[in-house]
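J.: The structure is given below, and queries will be raised subsequently.
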Amino acid sequence: MSTRRTLTVGLIGYNFMGKAHSNAWRQARRFFTLPANVRLKTICGRNHAAVKKAAAKLGWENAQTDWRRVIDDSKIDIVDICTPNDTHCEIAIAAAQAGKAILCEKPLARNVDEAEKMMRAVKKARVVNMVCHNYRRVPAIALARQMIERGDLGDRIFHFRARYAQDWIVDPNFPLVWRLQSNVAGSGALGDIFSHIVDLARYLVGEFREVCGAIETFVKQRPLEKNRRVKGKVTVDDAVTMIGRFKDGAFASLEATRFAPGRKNSLTLEINGSAGSLFFDLEEMNRLKFFSARDPKDRQGFRDILVTEPSHPYMDKWWPSGHIIGYEHTFVHTIADFVKAVVARKNVQPTFEDGLENQRVLNVIASSAKTRRSVKL
């Protein structure tokens, strides 16, 4: 009689992304037919009381305050990294050397050098690795890729436009949190949210050939978290705009900002091809708008596709047609695909190599912004 394998998970980080990943680890096994059982063994964080509370609330067996003990645990097969960006590199390399499969939150690293070290480590250790760019697994975006690949937009793509807009730091009195410090975050809007639309551009259209970027920090100083009467320097960007070309000649226009009042988590993208266009808005993530120039002239117009049919990507695992899903489901899809990859010992995109390529694009945009010139990749 065959024995079903159990994959044991250690999660490092318990705040926003730690909660999202914990929920996904619990739910994936309940809705997807996975090739292995999943055991949520240890969650790790620096604050003992907080991580212990998180373990009880989020469904983990144990709480730990030293990530090295998670790596050293021979029973743990998978290390899931949901920590601030300055720790990704050290944790991932140690996990690779210990032979663990690794899932890492985006951006992969603070810079190209760290990303290269991480990629070399996972390749040398031959461990399964993945970057959690969860928007690739929005069913509507996965459907958009299918439609592009089968030629629904024609044989040529002309434009890719994307905008990611938030407003959480518009107030100049918002404190100097770690995401606003380059030594921890690496960059601001560039790495935090612009990395998502760079990844989606590469996923949907292809690799970049050249870019020209502009970066701005609107609020140069902010109150310290522990002493609001004292201000510290903001060392990351608040907004970034980029134009460029893909290798196939398509034009790119990308923007990310955390200074858009009223925009909480707005991600929109439009793709124009020789025979049609697609439009997506994350705030209506179950819908994809499609225009086909092949339709009769008297019936042309953007059609509204409700992406809830069992034939749509991932949707056969959820509810009957017309019943929508949400943000958290994109992480469930990510975890399900990752578990399958670990069992098969075969990587699934986006890998650390994708994370490195994304980081190279971000690096070139930052360089372009300084020189105010286009830069080729």
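J.: How would you rank 192-200, 219-227, highest first, on the average number of other Cβ atoms within 10 Å across their residues?
T.: Ranked from most to least packed, the peptides come out as 192-200, 219-227.
J.: Excluding residues on the same chain fewer than 8 positions from Lys289, give the lysines whose Cα lies under 21 Å from its Cα.
T.: Within the straight-line cut-off, Lys289 pairs with Lys297.
J.: For the range 1-138, what % of the accessible area comes from carbon and sulfur atoms, probe 1.4 Å?
T.: 46
J.: A further question follows. For the chain, max minus min Cα coordinate along each principal axis, in Å, sorted largest first?
T.: 64, 63, 38
J.: In 5 Å bins starting at 0, how do the alpha-carbon pair distances of the range 282-342 split up by percent?
T.: 4, 16, 20, 20, 14, 12, 8, 4, 2, 1, 0
J.: Which one of Thr217, Thr83, Thr33 has the biggest mean-square fluctuation once the chain is modelled by GNM with Cα springs under 10 Å?
T.: Maximum fluctuation in the GNM of the chain, among the listed residues, is at Thr33.
J.: If you don't mind, there's one more thing I want to ask. As a quick test, which of the pairs Lys226/Lys370; Lys220/Lys264; Lys231/Lys264 have an alpha carbon distance above 29 angstrom in this structure?
T.: From the list (Lys226/Lys370; Lys220/Lys264; Lys231/Lys264), the Cα-Cα distance tops 29 Å for Lys226/Lys370.
J.: Also: Between the range 62-138 and the range 27-44, how many Å separate their Cα centres?
T.: 18
J.: Whole number in Å², please: accessible area per residue of the chain, 1.4 Å probe, ligands, DNA and RNA not counted.
T.: On a per-residue basis, the chain sits at 46 Å².
J.: Please turn the phi angles of the range 43-54 into ³J(HN,Hα) values with the Karplus equation 6.51 cos²θ - 1.76 cosθ + 1.60 (θ = phi - 60°), one per residue in order, whole Hz, x for glycine and proline.
T.: The phi angles translate into 10, 10, x, 6, 8, 4, 5, 5, 6, 5, 5, 5 Hz.
J.: Could you give log10 I(q)/I(0) at q = 0.16 Å⁻¹ for the range 1-157, computed by the Debye formula over C-alpha point scatterers of equal weight, without solvent?
T.: Taken in order of the listed q values, log10 I(q)/I(0) reads -0.93.
J.: Heavy atoms only, probe 1.4 Å: what % of the accessible area of the range 173-223 goes to carbon and sulfur, would you let me know?
T.: 50
J.: Same structure again: Under a cut-off of 19 Å between alpha-carbon atoms, report the lysines in cross-link reach of Lys346, not counting same-chain residues fewer than 8 places apart.
T.: Reachable lysines: Lys100, Lys123, Lys124.
J.: Next question, about the same structure. Pick out which of Trp25, Trp67, Trp318 has the largest mean-square fluctuation in a Gaussian network model of the chain, springs linking Cα atoms closer than 10 Å.
T.: Trp318
J.: Tally up the carbon and sulfur contribution to the accessible surface of the range 238-280 as a whole percent, 1.4 Å probe, everything protein left in place.
T.: On the range 238-280, the fraction of accessible area on carbon and sulfur atoms equals 52 percent.
J.: At 1.4 Å probe size, put His333, His323 in order of accessible surface, largest to smallest.
T.: Result of the area sort, largest leading: His323, His333.
J.: Same structure, new question: Given Cβ point charges of +1 (Lys, Arg) and -1 (Asp, Glu) and nothing else, what value in debye, to the nearest 20, does the dipole of the chain about its Cα centre take?
T.: 820
J.: Where Lys and Arg each count +1 and Asp and Glu each count -1, what net charge lies around Lys220 among other residues with Cβ under 10 Å from its Cβ?
T.: +2
J.: Heavy atoms of the protein only, probe of 1.4 Å, neighbouring chains included. What is the accessible area of Lys231 in Å², nearest 10?
T.: Surface accessible to solvent at Lys231 totals approximately 110 Å².
J.: Before rounding to the nearest 500, sum -39500 (n - 2.57) across all DSSP H runs of length at least 4 in the chain and divide by the residue total; then give [θ] at 222 nm in deg cm²/dmol.
T.: The per-residue figure over the chain is -10000 deg cm²/dmol.
J.: Assign one of three labels to the range 255-298, namely rounded, prolate or oblate, based on the Cα gyration tensor with a ≥ b ≥ c the square roots of its eigenvalues; rounded applies when a/c is under 1.5, prolate when it is not and a/b is larger than b/c, and oblate otherwise.
T.: In terms of gyration-tensor shape, prolate.
J.: Another one. For the range 162-205, what class follows from the C-alpha gyration tensor (a ≥ b ≥ c being the square roots of its eigenvalues): rounded when a/c is under 1.5, otherwise prolate if a/b is larger than b/c, else oblate?
T.: Since a/c reaches 1.5 but b/c is at least a/b, the shape of the range 162-205 is classed as oblate.
J.: Using a Gaussian network for the chain with springs between C-alpha atoms less than 10 Å apart, which of these wobbles most: Arg136, Arg258, Arg229?
T.: Result: Arg229 has the largest fluctuation of those listed.
J.: If you don't mind, there's one more thing I want to ask. Give the ranking of Ser321, Ser266 by solvent-accessible surface, highest area first, calculated with a 1.4 Å probe.
T.: Ser321, Ser266
J.: Another one. Going through the range 267-298, which trypsin sites (Lys or Arg not before Pro) have at most 16 other Cβ atoms within 10 Å and a DSSP loop state?
T.: Arg294
J.: Bin all alpha-carbon pair distances of the range 156-296 at 10 Å intervals from 0 and give each bin's fraction as a whole percent.
T.: Reading the bins upward from 0: 12, 36, 29, 15, 6, 2, 0.
J.: Give me the extension gain from Gln97 to Gln221: residue separation times 0.36 nm, minus the current Cα-Cα distance, reported in nm with one decimal.
T.: 40.6 nm
J.: Using R₀ = 30 Å, calculate the FRET efficiency as 1/(1 + (r/R₀)^6) where r is the Cβ-Cβ separation of Phe174 and Gln300; round to 0.05.
T.: Given R0 = 30 Å and the Cβ-Cβ separation, E is 0.05.
The values are calculated or read from the model by the stated rules, or taken from the named source; none is laboratory data. The structure presented is a predicted model; accordingly, all values stated were derived computationally and were not measured. Quick reminder, even Gly has a Cβ in these numbers, built from the backbone with ideal geometry, and neighbours come from all protein chains shown. To get the accessible areas, we keep the full protein, side chains included, count just its heavy atoms, and leave off ligands, DNA and RNA. Shrake-Rupley method; radii C 1.70, N 1.55, O 1.52, S 1.80 Å.
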